[in-house]
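Below is one structure; the comments refer to it alone.
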Amino acid sequence: MKFRWLTVAGLSAASALSVAAFAPSTVCAQETNVLDVSGQVSSSEQGDEVVTVSIAPLDRLLPNVTYLMRLVGAGAQSGIVTQAVNGYTSGLDRARPIGAFVTLGDAGVPVSVAALPISDLDSFLGGLELFGEAEDLGDGLYSMSLGPNTIFAQHQGDWLFVSSSEESLEGVSGSSAERLDKMASQHDLLVEVNVQNIPDDLIDLLTSQMRSGFEQAIEAQSGDLDDEELEASRASGEQMMKNMEEIFTGTEKFVFGLGIRPKDKNMIIDFGSRFVDGSRFAKQMKSMESAKSKLSGFLSDESMMNYKALMLVAPEDMAQIESSLDTGLKAAYKQIDDNSNGNTAAAAKAKEYLDRLVKIFLESGKEGSVEVAANVSTNPSLNVLVALSVADGTKVEQLAKDLATEASNANAPLSIELMSGKHQGFNLHRISAPLPENAPDEQRKIWGDSINVSIGTSPKGILLSVGKTAEVSLKAAIDGVAASPNAAASPSRMRMDMSQLLNFVQTFESNPIVDGMLSALSSGDDMIMIDSKVVDRGSVARFTIQEGVLKAIAGGVKAGMAGQGGDF
């Protein structure tokens with residue numbers, strides 16, 4: 001009973017610490033294809049726009065939208081959308097992108113200007129007569145009344161700039177829209193935000209409001225927390241405020257892009273950030289370029305899901321990490337004391353193990369990087385693999401030995417075999433825990449009569465495997481790691497096979513919605529993927545959804561709407 005309490009307390013405390021431990025670090029995904037987010041290298045920072053939006057040329061956009069709508073079962077509605085767009089875009093150049101620019105006027109009020117590529121101005125204005133007649137004000141300037149509002153448009157070359165403010169159109173020219181072609185080259189929609197063009201006064205206002213909200217939250221907590229807890233909460237909040245302020249000052253721009261790609265049978269969503277030269281974030285990006293991966297051979301493309309990430313920790317970040325961990329430790333200690341039922345000796349022992357675990361994390365962070373990986377497979381049965389790079393694997397082994405002694409002294413229903421063997425430089429260990437007699441049949445179907453755990457420890461890494469084939473899977477993973485001991489950390493990835501996931505869920509209980517998703521799945525093209533890479537002073541991440549996944553989602557929605565029941 002004592003060991004069970006220690007385990008529960010330790011796990012709950014560790015979970016509370018996990019966010020605090022790695023919040024300041026930078027995540028870099030591993031082993032990916034080249035990503036291209038055109039907004040990352042566009043020249044819009046030369047202007048004063050805060051937001052720039054590009055929309056793909058209509059000749060490309062409309063077929064892409066039609067493709068997507070058909071995938072999700074809305075093919076009939078796609079014709080209506082196309083007809084409506086065609087009805088009001090006569091006179092536009094359908095081979096060039098549409099754009100919009102947002103600046104901040106007096107008192108931070110946003111002012112937007114739309115850029116429309118024009119091939120026939122008279123035809124375009126004529127198509128809008130349903131809403132009102134455009135008045136020619138001379139020198140290429142037009143106005144149109146839309147209810148109580150007036151819209152102004154300035155014709156410059158082969159562009160028409162539109163805004164609700166006549167003043168905002170002064171000085172506009174086709175050069176303002178030249179970069180839209182590049183921004184729209186890979187995406188149907190790309191939004192770029194230039195943080196450095198936000199006025200300092202507005203940023204000061206935003207940060208002061210956040211700080212005011214923080215102070216109000218601290219005041220609201222003062223009646224529920226003791227002095228030590230209140231101080232820990234304040235320290236954590238102050239660190240959060242510092243991080244937010246640093247994000248404003250250290251970020252040059254960020255971009256969001258959406259691309260529908262019928263030829264590749266997928267849809268992409270891109271996120272990118274570029275940081276101010278010399279900022280802490282820019283330095284972290286630079287350090288990633290030479291980062292090495294200790295777990296590059298861990299993942300298997302045949303798995304249901306796999307994920308790997310490298311967290312880089314700069315020396316200047318360690319003080320912040322230690323402060324965050326100290327705050328988390330105080331909260332964890334209180335949780336342990338509150339659940340100790342007066343057993344001070346047991347509480348002290350739990351705190352001791354927690355301290356040792358935290359020190360292992362800190363030592364690993366001081367080496368400059370911590371790498372984590374996970375792999376979930378369902379063939380021939382469910383097996384979960386987790387890997388973590390550490391500074392000193394021997395300390396992990398000693399911690400495990402001490403915990404095993406605690407379990408033995410407490411007569412815990414565990415079978416523990418330390419140093420059960422060696423494989424490719426890893427020391428192997430086994431743990432087996434029988435399922436309770438009243439365990440649900442679903443659990444026995446997954447794990448068998450016992451939960452089997454195999455652990456591999458090395459001087460610089462820990463691998464853990466859980467499942468019926470725990471040891472076989474662990475050794476296969478170790479073989480993969482040994483085959484690539486120090487590969488370049490060119491970005492890593494996440495992969496999830498939708499059909500494997502749905503088939504695994506369906507083996508336990510028939511579900512009409514899952515049935516609908518599986519029936520809609522096409523052969524292959526059913527992956528969800530996340531990739532990222534480092535670019536100059538920044539990073540980009542891509543979320544890819546293959547068309548089979550979109551069909552499956554539509555099939556599940558259709559099954560649910562048909563009243564077939566089931567919760568998923």
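The values are calculated or read from the model by the stated rules, or taken from the named source; none is laboratory data. Bear in mind the structure is a predicted one, so any value in this text is a computation, not a measurement. Backbone-built Cβ (ideal geometry, glycine too); neighbour counts: all protein chains shown.
What the table shows:
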{"read-out": "Options S163, S185, S168, S143: the member that is in contact with a strand residue (DSSP E or B) (Cβ under 8 Å, 6 or more places away or on another chain) and either surrounded by fewer than 16 Cβ atoms within 10 Å (Cβ to Cβ) or at positive phi (or both)", "value": "S143"}
{"read-out": "Whichever residue in the stretch 355-384 is in a strand (DSSP E or B) and surrounded by fewer than 19 Cβ atoms within 10 Å (Cβ to Cβ) and, among such residues, is farthest from the chain's Cα centre (by Cα)", "value": "V384"}
{"read-out": "Residue match in the stretch 434-441 (condition: without any contact (Cβ under 8 Å) to a residue 40 or more places away in the chain and outside any loop (DSSP other than H, G, I, E, B))", "value": "yes"}
{"read-out": "Unique residue being assigned to a loop (DSSP other than H, G, I, E, B) and among the basic types (K, R) when the list is K263, K334, K330, K286", "value": "K263"}
{"read-out": "Flag for S492 being modelled with pLDDT of 85 or more, surrounded by 17 or more Cβ atoms within 10 Å (Cβ to Cβ) and either within 30 Å of R280 (Cβ to Cβ) or of a type in the set (D, E, K, R) (or both)", "value": "no"}
{"read-out": "Residue within the stretch 138-160 that is at pLDDT 85 or above, under 19 Å from L58 (Cα atoms), hydroxyl-bearing (S, T, Y) and not in a loop (DSSP other than H, G, I, E, B) present", "value": "no"}
{"read-out": "Meets criteria (in contact with a helix residue (DSSP H, G or I) (Cβ under 7 Å, 6 or more places away or on another chain), at pLDDT 90 or above and either among the hydrophobic types (A, V, I, L, M, F, W, C) or crowded, with 17+ Cβ neighbours inside 10 Å (or both)) for L463", "value": "yes"}
{"read-out": "Residue check, L474 assigned to a helix (DSSP H, G or I) and more than 20 Å from L428 (Cβ to Cβ)", "value": "no"}
{"read-out": "Hits in the stretch 89-137 (condition: of a type in the set (D, E) and in a strand (DSSP E or B))", "value": "E135, D136"}
{"read-out": "Members of the stretch 171-217 that are more than 27 Å from T544 (Cβ to Cβ), in the same structural domain as W159 (by TED's automatic domain parsing) and not in a helix (DSSP H, G or I)", "value": "G171, V172, S173, E178"}
{"read-out": "L403 being in contact with a Lys or Arg (Cβ under 6 Å, 6 or more places away or on another chain), in contact (Cβ under 8 Å) with a residue 24 or more places away in the chain, over 25 Å from S303 (Cα atoms) and not acidic (D, E)", "value": "no"}
